[in-house]
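Input: a single structure, listed below in structure tokens.
The values are calculated or read from the model by the stated rules, or taken from the named source; none is laboratory data. Given the structure is predicted, the values throughout are model-derived calculations rather than measurements. All Cβ positions, glycine included, derive from the backbone under ideal geometry; neighbour counts span all protein chains shown. Areas reflect the complete protein model, heavy atoms only, side chains present, ligands, DNA and RNA absent. Shrake-Rupley method; radii C 1.70, N 1.55, O 1.52, S 1.80 Å.
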Amino acid sequence: MDRLIINGGACVKGEVSISGAKNSALPILAATLMTDEPVVVCNIPHLHDITTIFELFGCMGVKLTVSENMEVEVKSDSINHFKASYDLVKTMRASILVLGPLLAKYGQAEVSLPGGCAIGSRPIDLHVRGLEKMGAEIKIDSGYIKAKVKGRLKGAKIFMDTLTVTGTENILMAATLAEGETIIKNAAREPEVYDLAECLIKMGAKIRNHGTDTIYVEGVKKLNGCRYKILPDRIETGTYLIAAAMTNGKILVKDTSPLLLESILVKLKEAGAKLRCGNDWIELNMENKRPKAISLQTAPYPAMPTDIQAQFTALNSIAEGSGKITETIFENRFMHVQEMKRMGALLDIVGNTVITKGIKKLAAAPVMATDLRASASLILAGLVAEGSTIIDRTYHIDRGYERIEEKLQQLGVGIRRVPSSKLDKTS
Ligand code: EPU
């Protein structure tokens, strides 16, 4: 197990390239299970969550060929096992994404119930209810969701009573091979859901209106292989932009898509950043000024993503003035706050809001990463702390940020990874 050591006082300057989106790659890889033909997925990020899904595919008998540049060919005609075991699901909840595809293509699936999570209770009742509405027989037995269907799933009108990203994705994938039309109402509009739908269309699925809150799917008997490049990671993009904004820096973020980041860019402008954008790049320049505190509230796309609020909290901790960050998606996504307080940040949690009073500098301290985005926010805090910040449990960061220390080093940050023998992997 490793830990990260970050030297404070950095000024983030230079260029960085953004990797493919984790939250697109995972559902798109799950979708490849629905065809006997090879599917080549390009721009896959090199992340621990991707390794976990490859491990899951290996257990199911799926054949994978990974090229050096992370183009992955998936051949699932050899699949002989339809189970996602607890060991894998407990390390990555997104394993639930194989439920819809396996059921739609093979009429059976067994997926461990994900259980608790550091950021909230995260139930999967809407995935299950949607599939039941399509004719699946589902029972929960010994900690597993055991699903089967005789023949094909049936198209249905499905209203998702809470907006759910992976819930929409599971139903969308299952609907592509169902008999008749499925209408998903109150569907998630996240770019990663859109990306999945685009890949499914390339595989021969008939989908309309994706990217809106009502998606129409006309089931087909069979899907085909294709080659598909996944979209850039908007949260990784936002994290590097915030790093530059917090350190009075200047950054050119390449291979990204500014269109996916409107809500984030608006807040960075409010914080005082000068922004310029092209089709696939964003330049942020703080002109050596300290950022101003911002207030925001997380909500489903196109509003502010929950996956970036911890990073904005880090920015507020050293910004001029005070700000309020309100979390509305997950009930326990403030685990970074206590750690930042240990670094001297003036933060108060009131209900589902963190109220910040910015100070000029934080003080380095040993801190503990509790989940993926909390880890990112602690790295950001480390950039503006006096001294060396040591972050334990870095396996969280490796789930979602490709080569983070290499990318930060290129941007002038003193950061290194050292092995740590005393880590306790409990979350
Ligand atoms: N919910 C239910 N019932 C369900 C499903 C969800 O009540 O059956 C609730 C959840 O408890 C939560 C809300 O709906 O309060 C939204 O959760 P959602 O299902 O959208 O989350 P998810 O699909 O499990 C994905 C991302 C998360 C991201 C959320 C919200 C993937 C693999 N994960 O999770 O990403 O935070 O959407 O945008 O796409 C991350 O990358 O760090 C991460 C956690």
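Scanning region 138-190 for residues that are within 22 Å of Ser85 (Cβ to Cβ), open to solvent by less than 40 Å² (accessible area, probe 1.4 Å) and hydrophobic (A, V, I, L, M, F, W, C), we see that the one that is nearest to the chain's Cα centre (by Cα) is Met173. So which of Leu4, Leu29, Leu33, Leu56 ends up being of a type in the set (A, V, I, L, M, F, W, C) and within 23 Å of Thr370 (Cβ to Cβ)? From the options Leu4, Leu29, Leu33, Leu56, the qualifying one is Leu4.
Every condition in (1) over 28 Å from Tyr240 (Cβ atoms); (2) among the polar types (S, T, N, Q); (3) free of Cβ contacts under 8 Å to residues at least 24 places away in the same chain is met by Thr32 except one, and the failing one is (3). Residue selection: Lys250 satisfies the criterion of being in contact with a helix residue (DSSP H, G or I) (Cβ under 7 Å, 6 or more places away or on another chain) and open to solvent by 30 Å² or more (accessible area, probe 1.4 Å).
If the condition is being out of contact with any strand residue (DSSP E or B) (no Cβ under 8 Å at 6 or more places or on another chain) and at pLDDT 95 or above, then region 309-335 contributes Ala310, Gln311, Ala314, Leu315. Scan region 262-270 and give yes if some residue there is free of Cβ contacts under 8 Å to residues at least 40 places away in the same chain, within 20 Å of the chain's Cα centre (by Cα) and under 19 Å from Ala376 (Cβ atoms), otherwise no. Yes, because at least one residue in region 262-270 is free of Cβ contacts under 8 Å to residues at least 40 places away in the same chain, within 20 Å of the chain's Cα centre (by Cα) and under 19 Å from Ala376 (Cβ atoms). Between residues in region 313-329 that are under 10 Å from Gly358 (Cα atoms) and residues that are open to solvent by 40 Å² or more (accessible area, probe 1.4 Å), which pairs lie under 6 Å by C-beta distance while being six or more apart or on different chains? Qualifying pairs under 6 Å: Ala319/Lys292; Glu320/Arg290; Glu320/Lys292; Gly321/Lys292; Ser322/Lys357; Gly323/Ser295.
When Leu346 is tested against (1) open to solvent by 40 Å² or more (accessible area, probe 1.4 Å); (2) within 16 Å of the ligand (Cβ to nearest atom); (3) at pLDDT 95 or above, only condition (2) is not met.
Would you confirm whether any residue within region 112-132 is farther than 30 Å from Ala303 by Cα and either within 13 Å of the ligand (Cβ to nearest atom) or at pLDDT below 95 (or both)? Yes, there is a match, as at least one residue in region 112-132 is farther than 30 Å from Ala303 by Cα and either within 13 Å of the ligand (Cβ to nearest atom) or at pLDDT below 95 (or both). Cβ-Cβ contacts under 8 Å between residues 6 or more apart (or on different chains), taken from a first residue in region 278-306 that is basic (Lys, Arg) to a second residue that is surrounded by 22 or more Cβ atoms within 10 Å (Cβ to Cβ), are listed as Arg290/Ile318; Arg290/Ala319; Lys292/Ala271; Lys292/Ala319.
Considering only residues in region 63-120 that are among the aromatic types (Phe, Trp, Tyr) and assigned to a helix (DSSP H, G or I), the one that is nearest to Met203 (Cα to Cα) turns out to be Tyr106.
Rundown of residues vs (1) closer than 26 Å to Cys11 by Cα; (2) open to solvent by 30 Å² or more (accessible area, probe 1.4 Å), yes/no style:
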residue	(1), (2)
Arg290	yes, yes
Gln297	no, yes
Pro300	no, yes
Ala303	no, yes
Ile308	yes, no
Gly323	yes, no
Glu331	no, yes
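Being within 21 Å of Pro232 (Cβ to Cβ) and more than 13 Å from the ligand (Cβ to nearest atom): is that true of Thr65 here? Here the answer is no, as Thr65 does not meet what is asked.
Inside region 267-288, residues that are among the aliphatic types (A, V, I, L, M) and either surrounded by fewer than 17 Cβ atoms within 10 Å (Cβ to Cβ) or part of a helix (DSSP H, G or I) (or both) make up a count of 2. Just one of (1) open to solvent by 40 Å² or more (accessible area, probe 1.4 Å); (2) out of contact with any strand residue (DSSP E or B) (no Cβ under 6 Å at 6 or more places or on another chain); (3) at pLDDT below 95 fails for Tyr86. It is (2).
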